[in-house]
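S.K.: Structure incoming, see below.
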Amino acid sequence: MTQAPMRMPGEERKRSVSRHGLTIDKRESITVTGVTDVISFDEESVIGETEMGVIIIRGVNLHVKKINLESGELSVTGEIDGVSYENPGAAGKSKSFMGRLFK
């Protein structure tokens, strides 16, 4: 049986993630809210975990402008080519997201 990590009395979880949403401005910048973690990023993709699943932002010359996991906000600039989601536990998926990513 796995137990949740123990906290000291009075210790509160500091992360206050907002609801998930995204805003794309002229395909030059994207702001995502509800981000709980950033898995990886480079000039061609940014992969993060959100309240709605794993989000993948693809493009050219991508730069992470802002990461604030306390507020759940991620801002990326560059040439945005696409945004997609991977839903954890989706039916018909035999490998994990990370397993498919590193084939």
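The values are calculated or read from the model by the stated rules, or taken from the named source; none is laboratory data. Values in this document were obtained by computation on a predicted structure and should not be read as measured data. Using ideal geometry, Cβ is built from the backbone for each residue, glycine included, and neighbour counts are taken over all protein chains shown. Please note that ligands, DNA and RNA were not included when accessible areas were found on the heavy atoms of the full protein model with its side chains. Shrake-Rupley method; radii C 1.70, N 1.55, O 1.52, S 1.80 Å.
S.K.: Let me check something: with ligands and nucleic acids excluded, how do ILE57, ILE67 order by accessible area (1.4 Å probe), largest to smallest? Kindly include the intermediate steps, with their values, before the conclusion.
M.R.: Numbers: ILE57 0, ILE67 80 Å².
Largest to smallest exposure gives the sequence ILE67, ILE57.
S.K.: For ASN61, project a label point 7 Å along Cα to C-beta. Then give me every residue of region 40-54 with its amide nitrogen under 14 Å of that point.
M.R.: Inside the label zone: 43-44.
S.K.: Another question about this same structure. Under 15 Å from the Cβ of HIS63, count the other residues' Cβ atoms, weight Lys and Arg +1, Asp and Glu -1, and hand me the total. Can you show the working numbers first?
M.R.: Details: positive: ARG27, ARG58, LYS65, LYS66; negative: ASP25, GLU28, ASP42, GLU43, GLU44, GLU79, ASP81.
Here the charged neighbours net out to -3.
S.K.: Also, I was wondering about something else. Can you list residues from other chains, or at least 5 along the same chain, whose modelled amide H is less than 5 Å from the amide H of THR50?
M.R.: Counting only residues 5 or more places away or on other chains, the set is THR36, ILE55.
S.K.: While we're on this one: Roughly how many nanometres apart are two label points built 7 Å out from the Cα toward the Cβ at TYR85 and ILE39?
M.R.: About 1.5 nm, to one decimal.
S.K.: Kindly write out, for region 70-82 in residue order, the coupling ³J(HN,Hα) from the Karplus curve 6.51 cos²θ - 1.76 cosθ + 1.60 (θ = phi - 60°), rounded to whole Hz, with x marking Gly and Pro.
M.R.: 5, 9, x, 10, 10, 10, 10, 10, x, 8, 7, 9, x
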